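Peer 1: Submitted below is the structure of interest, expressed as structure tokens.
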Amino acid sequence: MHPLLAILEDAAEGRFPSPDGTVEVLAPDGTGYLSVTALTGRAFVLADVHPAELSARGADGFGGALAPDVPRWLAGPDGVIGSVDVVLTTRARASSGVRAPTIGHADAAAHASA
């Protein structure tokens, strides 16, 4: 399990990381995708970079990690930047009777908005 999944699962339970403004560098996911995920006062960058390099480019947990220059630098001159989006997470409630569909990464592009 990727460490970011545990962070998002904790958030779904109402347990959030300390909003101390830090950026935590994690390994890219199993597909090699890089990403920046920000919660209130904390950011997580999935990339093979040194935290000092991110800091030198203005990355912080207060929005700096999502500033345009940071994803551009992570993507490199030939890279593609997807989008800045929101991730909402919660635990399913057995009494709701509603089941959300699971969209795998390969299917996500087909469901992305233009």
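The values are calculated or read from the model by the stated rules, or taken from the named source; none is laboratory data. It should be emphasised that the depicted structure is a prediction, and the values quoted were computed from it without experimental measurement. Heads up, the Cβs are rebuilt from the backbone with ideal geometry, glycines too, and the neighbour counts pull from every protein chain shown.
Peer 1: Determine whether PRO28 is farther than 30 Å from ALA92 by Cβ and not β-branched (Val, Ile, Thr). Can you show your working first?
Peer 2: Values: farther than 30 Å from ALA92 by Cβ: no; not β-branched (Val, Ile, Thr): yes.
Answer is no for this residue.
Peer 1: Every residue in segment 56-91 that is surrounded by fewer than 10 Cβ atoms within 10 Å (Cβ to Cβ) and at pLDDT below 80, please.
Peer 2: ARG91
Peer 1: Does any residue in segment 58-83 that is closer than 22 Å to PRO17 by Cα come within less than 7 Å, Cβ to Cβ, of a residue that is hydroxyl-bearing (Ser, Thr, Tyr) and at pLDDT 95 or above six or more places away or on a different chain, and which pairs are these?
Peer 2: GLY61/THR22
Peer 1: Filter segment 3-44 down to the residues that are farther than 15 Å from ALA67 by Cα and among the aromatic types (Phe, Trp, Tyr), then identify the one that is surrounded by the fewest Cβ atoms within 10 Å (Cβ to Cβ).
Peer 2: TYR33
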